[in-house]
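> Take this structure, written in structure tokens, and hold onto it; I'll ask about it next.
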Amino acid sequence: MTARVGVITFPGTLDDRDTQRAVRAAGLEAVPLWHRDKDLKQVDAVILPGGFSYGDYLRAGAISRFSPVMDSVIDQAKAGMPVLGICNGFQVLTETHLLPGAMLRNNHLHFICRDQKLRVENAETAWTRSYERGQEINIPLKNIDGRYVADERVLDELEAEGRVVFRYQELNPNGSLRDIAGICNAAGNVVGLMPHPEHAVEPLIGTGRTDGLGFFTSILKRLVSA
């Protein structure tokens, strides 16, 4: 049976279809999930894609955190289900406290859209098994509220426990503390990052490379071996 990956759509989500396409490119079944439906349709993993859910009113991800589907996502994530938050999805995961810290307005106060070099710091999570630690990849980045912040205690814990998953290279595009581009929870099943791997799975789009495909082949490996 093909592993099933749910992709949630909130009002204002932009990249749900691109994410579904990336899921299928890795040989997985993409299952659309609507934010008002608590039923996760027996999926094996969930992705919260990028966009501007609820127009980013109040702050990015603050309203989506209370969507009915998130009650089910939180419960399943705590039970071990793999969950990936991309850009706005990462913001939602911090609002639910599945991941620590918060996302603030970029330090230069402008929206950015660029190809971004990242270094893989943790290749042992459910979403990074197809990479190697220290590997450098290029992934598109597009955000205005992408500056990751946390207090020094949390940052030290993330570093000590190997929970910084990706770090910006060459240029910190938004002022994120310690150049953090992505993190995971203690169990490694929940990962959030600001760049968009779903835009780098085919050579004809995005960066012209397939550096993002590893996120989706990683979860295939994780689910097949489970």
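> Taking the inverse of the average 1/r across all pairs of different Cα atoms in the chain, what Kirkwood radius in Å do you get? Don't jump to the answer; show the numbers that get you there.
Values: mean 1/r = 0.0592 Å⁻¹.
Hydrodynamic radius (Kirkwood, Cα pairs) of the chain is 16.9 Å.
> Another one. Mind listing the long-range amide H neighbours of residue 116? Cut-off is under 5 Å, sequence gap 5 or more, other chains count too, H placed in the peptide plane at 1.01 Å from N.
Here 139, 141 satisfy the definition.
> I've got another one for you. With a length cut of 15 Å (Cα positions projected on each helix's long axis) and a Kyte-Doolittle mean of at least -0.5, go through the chain and give me the DSSP H helices that pass. Could the numbers behind the result be given before it?
Details: long enough: 68-78 (16 Å, -0.02); 213-225 (18 Å, 1.12).
The answer, listed by residue number, is 68-78, 213-225.
> So, one more: Please label the shape of region 113-187 as rounded, prolate or oblate, based on the square roots a ≥ b ≥ c of the eigenvalues of the alpha-carbon gyration tensor (a/c under 1.5 means rounded; beyond that, a/b larger than b/c means prolate, else oblate). Intermediate results must be reported in sequence, preceding the final value.
On the way: a/c = 1.92, a/b = 1.09, b/c = 1.76.
Here region 113-187 falls in the oblate category.
> Under 5 Å between amide hydrogens, which residues at least 5 positions from residue 176 or on another chain qualify, with H placed 1.01 Å from N in the peptide plane?
Long-range HN contacts for residue 176: 148.
> Let me ask another. Rounded to the nearest percent, how much of the accessible area of the chain (1.4 Å probe, protein heavy atoms only) is carbon and sulfur?
Details: 4770 of 9780 Å².
Here carbon and sulfur together make up 49 percent of the probe-accessible area.
> Here's a follow-up. For the chain, with a Gaussian network of springs between Cα atoms less than 10 Å apart, report the residue from 207, 128, 19 with the top mean-square fluctuation.
It is 207.
> Taking a probe of 1.4 Å, how large is the accessible area per residue of the chain, in Å²? Please report the intermediate quantities before stating the final value.
On the way: 9780 Å² over 226 residues.
That works out to 43 Å² per residue.
> What ranking, highest mean first, results for peptides 66-74, 176-184 when packing means the other Cβ atoms within 10 Å averaged over each residue?
My ranking of the peptides, most packed first, is 176-184, 66-74.
> Starting from the Kirkwood Rh over alpha-carbon pairs, what translational D in µm² s⁻¹ does region 40-129 have by Stokes-Einstein at 37 °C and 0.692 mPa s? Each step should come with its number before you reach the end.
Details: Rh = 14.4 Å.
Approximately 228 µm²/s, per Stokes-Einstein.
> List the residues, sorted by chain then number, that are 5 or more residues from residue 182 or on another chain and whose placed amide H is less than 5 Å from its amide H.
Result for residue 182 returns 165, 166.
> Which whole-angstrom value gives the distance between the alpha carbon centres of region 56-78 and region 180-226?
21 Å
> Measuring from centroid to centroid over Cα atoms, what is the spacing of region 16-55 and region 86-138 in Å?
Cα centroid to Cα centroid, the span is 18 Å.
> Which residue fluctuates the most in the chain, going by a Gaussian network model with Cα springs under 10 Å, if the choices are 198, 29, 157?
Evaluated over the chain, the most mobile residue of the options is 157.
The values are calculated or read from the model by the stated rules, or taken from the named source; none is laboratory data. The shown structure was predicted, so the numbers you read here are calculated from the model rather than taken from an experiment. Cβ atoms come from the backbone with ideal geometry, glycine included; neighbour counts cover every protein chain shown. Heads up: the accessible areas ignore ligands, DNA and RNA and are worked out on the full protein's heavy atoms, side chains in. Shrake-Rupley method; radii C 1.70, N 1.55, O 1.52, S 1.80 Å.
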